[in-house]
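Asker: This structure is in structure tokens; I'll ask about it shortly.
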Amino acid sequence: MNLFRVIVNLFHFNRTNWKAVSLCFLAAVVFWFFNALNKSYSTNLRFAVNFDFDEQRYVPVEPLPRSVFMNVSGNGWDLLRKSLGFNVPDMNIPLERPTEVKKIVGSTLPALLAGQLGNLQINHVVTDTLYLSLDPKEKKKVKVTVDPQQFAFAEGFGRLSPVVVLPDSISLEGPKSVLAKVPDSVTLSFEPRAIDRNYREEVEVIVPNGELLRRDPAVVEVMFEVVEWVEVIKPVRLDVINVPAGVRANLVKDSVSCVIKVPRSQAQDFANANEGELAILNLKGVRRGDNKMLPEVIGLPGHVQLVRVDSVNLRLY
């Protein structure tokens, strides 16, 4: 019975006892931890890698390796400090001929850290090989173009002026092999939308492998005038040319009706004005008899668009 009470009392703690037990447990853990760190261990450590080359003349085609892992042995305290990033030396690798070095074998790397690790010993290199790809740095000028067919307009609206790109070319700088694959001109891309007002936007110039190239500038400005178009029906004087010798042409009318698109703001003035438009009927090579021909309309102002023109019936005899 007494033995049972002793066992019960052993596991029956009040609040004061729990604090004492916790402190004892913590002290034991700390003692064990510090004692364990005095022993020797092996672990993998990460070492940052820096490549020394002329960055004004050469540039990576692919991202360069930034670190290597090595298996090292040493005192627990030293390994803990190095694992936390304290006093870990960088590995500096000189490249005298950057374009000729394609890979660096891992077994050659420990010599670069000789004397910098203190009491730590390198067992082996975990990173087997470092692969490099560098090219001479060059520049190239590229034309920036626009496909007007990419633009979509709201119903009744359309482009009035030519598309202007400022600047109309950019300079690219980067690896020689990458620049060689870039065409002499690049076409801008636009998000489809219904345009109903004058267009003026900054657009990014996207080039192949753009992440490896420096663009100057990276964006250009695209602008053009947009108007609302209306169709105007206008008679245009008809003129016949190149009538074959000895042949007479019998025309039933001296003008043709044309459907012309003009900006709404100019529709009334254009319909009433005589801008010198002329419908030319060229009879060169036309045979005798009844003919149906489509005249060529000339002299229209540059800001209007010919939609259609009536055909002409005539008889040659």
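Asker: Out of residues 5 or more away from Phe153 or on other chains, whose amide H comes under 5 Å of its own, with H placed 1.01 Å from N in the peptide plane?
Answerer: For Phe153, whose amide H was placed from the backbone, the distant partners under 5 Å are Ile195.
Asker: Show me, bin by bin at 5 Å from 0, the whole-percent P(r) of the range 161-317 based on Cα pairs.
Answerer: 2, 7, 13, 12, 9, 9, 8, 8, 8, 8, 7, 5, 3, 2, 0
Asker: Oh, and also: Given N residues in the range 248-317, what is Rg(Cα) / (2.2 N^0.38 Å)?
Answerer: Normalised Cα radius of gyration, the range 248-317: 1.30.
Asker: Can you work out the Karplus-derived ³J(HN,Hα) for every residue in the range 56-68? Use 6.51 cos²θ - 1.76 cosθ + 1.60 with θ = phi - 60°, whole Hz, and x for glycine or proline.
Answerer: So the J values, rounded to whole Hz, are 7, 10, 10, 8, x, 7, 10, x, 6, x, 9, 7, 9.
Asker: Next question. Rounded to two decimals, what is the ratio between the C-alpha radius of gyration of the range 137-224 and 2.2 N^0.38 Å?
Answerer: That works out to 1.22 for the range 137-224.
Asker: 7 Å from Cα along Cα→Cβ at both Gln266 and Ala111: what's the point-to-point distance in nm?
Answerer: Result: 7.8 nm between the two label points.
Asker: Same structure again: Using 0.36 nm per residue of separation minus the Cα-Cα distance, give me the extension gain between Ala152 and Glu202 in nm, one decimal.
Answerer: 16.3 nm
Just so you know, all these numbers are worked out from the coordinates, no wet-lab data involved. Everything numeric here is computed off the predicted structure, so don't read it as measured data. Reconstructed Cβ throughout: ideal geometry from the backbone, glycine too, with neighbour counts over all protein chains shown.
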